[in-house]
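**Q** Got a structure here, written out as structure tokens. Questions coming.
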Amino acid sequence: FYPDLRGNEENIRRFVAMHDSLTADPDIRVKWVTIVGSASTEGKKELNDELSRERADQIIAQLRQHISLPNSAIHVEIRGADWEELARLVSHSKIPHKEEVLDIRYSPAERRNTDMVQICGGDSYRYLQKYIFPEIRYSKVMIEYMRPKTEEEILMDTVEVVRHDTVVISSPAVHDTV
């Protein structure tokens with residue numbers, strides 16, 4: 001864990017403050033915390049899985065310095081090489097030969113890295129190394145909690161759209177008596 005890297009220390013502080021705020025509210029029940037560890041697509045699967053696990057473990061250790069987290073409240077997701085995130089970032093980038101790079105994710109796993117390096121003499125790979133890979137080497141922390149519905153949310157639950165121009169609202173029948 002590098003506190004100064006990409007705002008890590010501040011991000012932990014913000015998460016702890018959010019967690020403390022949620023747990024201080026008697027109407028809210030924190031269900032669990034999910035920590036996601038990810039790695040770039042470079043290297044072998046085993047190494048990427050190990051890096052992902054280490055990233056997640058480091059975040060858990062950091063969080064436990066500030067908040068009480070029982071093991072039953074922690075979910076860990078190890079993504080290894082995050083090809084989905086790579087594809088998302090590449091599709092929104094200015095990488096040379098974008099479509100060929102995106103197609104590599106459908107290659108057999110053992111060929112992907114070699115194919116990536118070989119595309120267009122390595123220009124695309126150098127772009128990946130500079131702009132994309134650093135973005136998919138990450139840990140992410142999410143908190144799932146429950147709170148009771150507000151009156152407005154309960155009313156919204158009873159609205160049923162029958163046609164685009166007709167709304168039916170379920171409510172108790174009212175009878176006037178004379």
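The values are calculated or read from the model by the stated rules, or taken from the named source; none is laboratory data. Predicted model, so just to flag it, every value in this text is computed and none were measured. Backbone-built Cβ (ideal geometry, glycine too); neighbour counts: all protein chains shown. Keep in mind that these areas ignore ligands, DNA and RNA; they rest on the heavy atoms of the full protein, side chains included. Shrake-Rupley method; radii C 1.70, N 1.55, O 1.52, S 1.80 Å.
**Q** Within the stretch 36-53, is even one residue farther than 21 Å from Arg111 by Cβ, without any contact (Cβ under 8 Å) to a residue 40 or more places away in the chain and touching a Gly at 6+ places or on another chain (Cβ under 7 Å)?
**A** Checked against the condition, which is being farther than 21 Å from Arg111 by Cβ, without any contact (Cβ under 8 Å) to a residue 40 or more places away in the chain and touching a Gly at 6+ places or on another chain (Cβ under 7 Å), the stretch 36-53 yields at least one hit.
**Q** Among the residues of the stretch 35-80, count how many are of a type in the set (Ser, Thr, Tyr) and under 20 Å from Gln129 (Cβ atoms). Spell out how you get there, then give the answer.
**A** Initially, the stretch 35-80 is screened for residues of a type in the set (Ser, Thr, Tyr), giving 38, 40-41, 52, 68, 72.
Remaining after also requiring under 20 Å from Gln129 (Cβ atoms): 38, 40-41, 52.
Qualifying residue count for the region: 4.
**Q** Follow-up question, since we're still on this one. Please determine whether any residue of the stretch 62-73 is free of Cβ contacts under 8 Å to residues at least 24 places away in the same chain and under 21 Å from Leu5 (Cα atoms).
**A** There is at least one residue in the stretch 62-73 that is free of Cβ contacts under 8 Å to residues at least 24 places away in the same chain and under 21 Å from Leu5 (Cα atoms).
**Q** Turning to a different aspect of this structure: Which of the residues belonging to the stretch 1-31 are surrounded by fewer than 15 Cβ atoms within 10 Å (Cβ to Cβ) and not in a helix (DSSP H, G or I)?
**A** Those that are surrounded by fewer than 15 Cβ atoms within 10 Å (Cβ to Cβ) and not in a helix (DSSP H, G or I): Phe1, Tyr2, Pro3, Asp4, Asp25, Pro26, Asp27, Ile28, Arg29, Lys31.
**Q** As an exercise: evaluate Thr41 against (1) open to solvent by 30 Å² or more (accessible area, probe 1.4 Å); (2) part of a loop (DSSP other than H, G, I, E, B) and give the number of the one condition it does not meet.
**A** (1)
Quick grid of which residues meet (1) among the acidic types (Asp, Glu); (2) under 30 Å from Met146 (Cα atoms):
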{"residue": "Asp25", "(1), (2)": "yes, yes"}
{"residue": "Gln62", "(1), (2)": "no, yes"}
{"residue": "Ala87", "(1), (2)": "no, no"}
{"residue": "Glu100", "(1), (2)": "yes, no"}
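**Q** On to the next question. Conditions: (1) under 21 Å from the mean Cα position of the chain (by Cα); (2) part of a helix (DSSP H, G or I). Tyr145 meets all but one. Number of the miss?
**A** Unmet condition: (2).
**Q** List every residue pair whose Cβ atoms sit under 6 Å apart, with the two residues 6 or more apart in sequence or on different chains, where the first one lies in the stretch 1-15 and is over 13 Å from Gln58 (Cβ atoms) and the second, anywhere, is open to solvent by less than 70 Å² (accessible area, probe 1.4 Å) and modelled with pLDDT of 85 or more.
**A** Matching pairs, first to second residue: Phe15/Val141.
**Q** Further question: Restricting attention to the stretch 57-65, does a residue exist that is assigned to a loop (DSSP other than H, G, I, E, B) and on the phi > 0 side of the Ramachandran plot? Before you say what the answer is, go through the steps one by one.
**A** Residues of the stretch 57-65 assigned to a loop (DSSP other than H, G, I, E, B): 65.
Checking the rest, the ones that are also on the phi > 0 side of the Ramachandran plot come to none.
So far as the stretch 57-65 goes, no, none of its residues is assigned to a loop (DSSP other than H, G, I, E, B) and on the phi > 0 side of the Ramachandran plot.
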